[in-house]
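These notes concern the structure reproduced below.
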Amino acid sequence: MSFTSLKELIEQADQEKTTISELMINTEVEQKGYSRETIIAKMSEQFTVMEEAVRRGTMSPVMSRTGLTGGDGNRLYQYAKNGNSFVNPITLNAAANALAVSEVNAAMGRIVATPTAGSAGILPAVLVHALDSGNFTREQIIQSIFTASALGLVIANKASISGAAGGCQAEVGSATGMAAGTLVELAGGTPAQVGNAVGIALKNSLGLVCDPVAGLVEIPCIIRNGLHAITAQAAADMALAGVTSIILPDEVIHVMHEVGQQMPESLRETGIGGLAGTPTGQKLKEQILGEKTSSGGPAKYESAYEIIGPVMVGPSSSHTAGAVRIGNIARQLLNENPLYVNFSLMGSFAKTYQGHGTDLALLAGVLGLTTMDDGIPNAKELANEKGLQYEFTNRVLGSYHPNTVLVELTGPSRTVKVLASSLGGGKVEVQEFNDYPLKFSGERPTLVIRHTDKKGVIADLSGILYQNGYNIARMANERSKINGEAITICEIDNQIEETFLSVLKKEIPIINEIGLVQTK
């Protein structure tokens, strides 16, 4: 299953007389090689994190790190108890749930990017709301998350889930469509009704700009999550009632991509235009960051857990989780304790890195932390303790994704340079390693092999990997010149044993160095 077309997804579900969630689970089992029970157990863990975030933010006030926002999830939850609201009080709890998760995220608490941190409140909100209704079991809710991931994969592959690339329609809009379709299947709707719910929800989000005040995932992100949780429920009910999306859902997704491409940079996560550019928005930026506001101006998604995940400490999947992963990849390639690092940032990374905690995330990654470590907010203190010197600079790095950084990391004996982009939802892509244009994602165990260019070396390498039980998912090679220095990367489907590196060096003597990036 390629997950690039809702039409194909719906047709396959109809042909096999099954659900979209079952198609996703079967695909995951086939790709990962794990049992169905293991796959579902992992999703159960994801839902536990979602529910914990909902309970934390509704039961008591949670304040953001900046103090700019907080407590609204609890405030709305308490208000709903009065029974005097215009919106049905029970429905209002869904909005309270979404505010709660978003506030936990702004406080750099643990959440699940669904599909991003900026939109992480919507799906957990409606799922916990459905669980609390008593109409569905926990097992049914967990199964339904696979529906959300399948829908999210189509959107991610066909358009974008990155605010920097497509505006907030790509984040909050995508999450709303995912949540609406998920609720339809949860309620027993047909695959076609699931598709209609996605189309109805996305149409209501077209053109939604990404304009975070001070570059923070707070204003207007938190409120949008709350309101769009209710939108998702309404879209689901419309689809279940027989309302159809006259514009085909796949076409709506395509239009969302086109609209995102036409948005000016100022409205795509740069913190320049929209609400961020208002006088109040500029004052808040100066107040929070101590800065004067200037008046200036494609990834392959395959796994359910690229959409429902990663589990992370916030506030942004692109700017925080993705940045941690980039830093972590650089640390693994250095393969020794770092002494100095320079981060050169471009695009929305450069414009909003302080508000999003990108600086903390990058530092945390090069210090060896992962996306779910509670120590991320204290990365600067940890760097000082470890004797790691660091600096951040802004520069143009080329025609890459707006969230791109060059990490120049130095240890006692060597320096590595990693140019990488954060693509949305915590997914990253290395663009260059030590000035060689070599792309890899870090999603799979990856060998980065520096060797002398020689006829037959790629064939030898492939043969040794095969003989030792390793399946190559992707391989690429770049060389400086014929018979000169070359670098080959191999992304492998299964985990690589450290002892295998010595086997490779022994079998292929022209290998000078092997770097190993394990999935973190």
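The values are calculated or read from the model by the stated rules, or taken from the named source; none is laboratory data. Nothing here was measured: the structure is a model prediction, and the numbers come from that model. Here Cβ is always computed from backbone atoms with ideal geometry, including for glycine, and neighbour counts include all displayed protein chains. The protein model used for the area step is the full one, side chains on, heavy atoms only, and it has no ligands, DNA or RNA in it. Shrake-Rupley method; radii C 1.70, N 1.55, O 1.52, S 1.80 Å.
Scaled to the globular estimate 2.2 N^0.38 Å, the Cα spread of the range 393-441, given as radius of gyration, is 1.17.
The modelled label-to-label distance between TYR34 and ALA241, using points 7 Å beyond Cα along the C-beta direction, is 4.0 nm. Considering only Cα atoms, the convex hull volume of the range 469-515 works out to 86 Å³ per residue.
With N the number of residues in the range 157-263, Rg(Cα) / (2.2 N^0.38 Å) evaluates to 1.03.
Each label was represented as a point 7 Å from its Cα along the Cα-to-Cβ direction; for GLN12 and LYS454 these points are 4.3 nm apart.
Looking at the range 1-65, the accessible area is 54 square angstrom per residue; that uses a 1.4 Å probe and ignores ligands, DNA and RNA. Shape analysis of the range 421-460 yields a ratio of the Cα radius of gyration to the Kirkwood radius, Rg/Rh, of 1.08. Report, please, the projected area of the range 142-206 averaged over directions, based on the convex hull of its C-alpha atoms, in nm². Result: a mean projected hull area of 3.9 nm².
Mind jotting down the distance between the C-alpha centroids of the range 409-441 and the range 179-221, whole Å? Their Cα centres are 32 Å away from one another. Cross-link partners of LYS42 among lysines, defined as those whose alpha carbon lies under 19 angstrom from its own and excluding same-chain residues fewer than eight positions apart: LYS32, LYS427, LYS520.
Extents of the range 67-155, taken as max minus min of Cα coordinates on every principal axis and listed largest first, are 38, 35, 20 Å. P(r) tail, the range 234-367: Cα-Cα pairs separated by more than 25 Å, 49% of all pairs. With each label modelled as a point 7 angstrom along the Cα→C-beta vector, the ASN26-THR4 pair spans 2.1 nm.
Partners of LYS439 within straight-line reach, counting aspartates and glutamates whose Cα lies under 15 Å from its Cα and excluding those fewer than 8 residues away in the same chain: GLU429, GLU478, GLU491.
Shown is the FRET efficiency for ASP435 and GLN467, computed with R0 = 25 Å from the Cβ-Cβ distance and rounded to the nearest 0.05: 0.15.
Volume of the convex hull of the chain (Cα atoms only), normalised per residue: 147 Å³.
The range 363-385 and the range 442-494 have their alpha-carbon centroids 31 Å apart.
Taking every protein chain into account, the accessible area of the range 102-261 amounts to 26 square angstrom per residue (probe 1.4 Å). Here, the range 17-80 has an Rg and a Dmax of 18.0, 51 Å when only alpha carbons are counted. Heavy atoms of the protein chains alone define the surface here; on that basis the range 435-520 has 54 Å² accessible area per residue at 1.4 Å probe size.
With the highest mean first, a sort of the peptides 131-140, 3-12, 451-460 on other beta-carbon atoms found within 10 angstrom per residue produces 3-12, 451-460, 131-140. Based on the Stokes-Einstein relation at 20 °C and a viscosity of 1.002 mPa s, and on the Kirkwood radius from alpha carbon pairs, the range 376-491 is assigned a translational diffusion coefficient of 130 µm²/s.
Cys residues of the chain that find no other Cys beta carbon under 4.7 Å: CYS221, CYS490. So if the hydrodynamic radius of the range 1-108 is defined as the Kirkwood radius over C-alpha pairs, what does Stokes-Einstein give as its diffusion coefficient at 20 °C and 1.002 mPa s, in µm² per second? Estimated diffusion coefficient is 129 µm²/s.
The share of accessible area on the chain that comes from carbon and sulfur is 50 percent, using a 1.4 angstrom probe.
Only aspartates and glutamates eight or more places from LYS203 in sequence, or on another chain, were considered; those with a Cα closer than 12 Å are ASP250, GLU251.
Computed from the Cβ-Cβ distance with R0 of 35 Å, the FRET efficiency linking LEU339 to MET475 stands at 0.60.
Compactness of the range 94-143, taken as the C-alpha radius of gyration over 2.2 N^0.38 Å, stands at 1.14.
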